[in-house]
Amino acid sequence: MGTIQINQTAYDFHNAELTIVGVTGVIGIVSGLESIGYKSKFDRQMMFGSNRLAQDYTDGEATYEGSVSMQLHWWRYIIDFTNSNGIPRATMEMTFSVNYYKPGFPMQTDTFWRCRWKGHSPDYKRGADTLVVPADVEMINVFQNGIDDFGNRLK
């Protein structure tokens with residue numbers, strides 16, 4: 001089982017849950033995570049003086065992309081939920097909250113705010129391992145323990 005380390009404390013994916021909240025309410029808690037990750041890119045502009053030497057940076061803006069890999073039965077759960085409620089998966093908007101917890105340590109939460117599926121690639125193979133579906137997501141913002149990269153708080 002893979003592990004992730006936060007604040008010098010190792011958390012394994014057995015103790016990580018992904019809560020998916022859509023526009024219509026809570027879609028569900030997915031506990032069969034295999035991997036989750038994101039990357040950020042900051043786009044800043046430099047403010048120039050009259051002699052064209054850069055004086056300072058602006059705060060700029062950030063773009064985020066991420067990916068989630070979950071066990072097949074959880075992906076099928078999302079498909080069944082969206083199909084039964086008439087929700088198109090390509091246009092649905094979600095917020096992912098990933099909780100990492102371990103007895104005796106404070107819970108850590110990463111929130112991927114206002115996400116949409118970018119694509120998924122079910123690659124079913126026969127083998128000893130569980131069938132896994134990796135899915136790419138686009139997100140507007142990422143909050144770690146309620147605060148984003150620019151110091152804004154999650155409301």
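Brief remarks follow.
- Number of positions in segment 25-50 that are without any contact (Cβ under 8 Å) to a residue 60 or more places away in the chain and either assigned to a loop (DSSP other than H, G, I, E, B) or farther than 30 Å from W75 by Cα (or both): 9
For (1) more than 16 Å from I36 (Cβ to Cβ); (2) aromatic (F, W, Y); (3) at pLDDT below 90, each residue gets a yes or a no:
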residue	(1), (2), (3)
C115	no, no, yes
H120	no, no, yes
K125	yes, no, yes
E138	no, no, no
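- Flag for I140 being outside any strand (DSSP E or B) and of a type in the set (V, I, T): no
- Among the residues of segment 49-91, those identified as over 13 Å from G28 (Cβ atoms) and surrounded by 14 or more Cβ atoms within 10 Å (Cβ to Cβ) are A62, Y64, E65, G66, S67, V68, S69, Q71, L72, R89.
- Residue within segment 56-73 that is out of contact with any strand residue (DSSP E or B) (no Cβ under 6 Å at 6 or more places or on another chain), closer than 19 Å to L18 by Cβ and assigned to a helix (DSSP H, G or I) present: yes
- Given (1) at pLDDT below 85; (2) closer than 20 Å to I36 by Cβ; (3) assigned to a loop (DSSP other than H, G, I, E, B); (4) not hydroxyl-bearing (S, T, Y), number of the condition G104 does not satisfy: (2)
- For segment 71-91, a tally of residues being in contact (Cβ under 8 Å) with a residue 60 or more places away in the chain and in contact with a Ser or Thr (Cβ under 9 Å, 6 or more places away or on another chain) returns 4.
- Residue identified as assigned to a strand (DSSP E or B) and basic (K, R) among R114, R76: R114
- Some residue of segment 86-98 being over 16 Å from I20 (Cα atoms) and either modelled with pLDDT of 80 or more or in a loop (DSSP other than H, G, I, E, B) (or both): yes
The values are calculated or read from the model by the stated rules, or taken from the named source; none is laboratory data. Predicted, not measured: the structure shown is a model, and the values here were computed from it. Backbone-built Cβ (ideal geometry, glycine too); neighbour counts: all protein chains shown.
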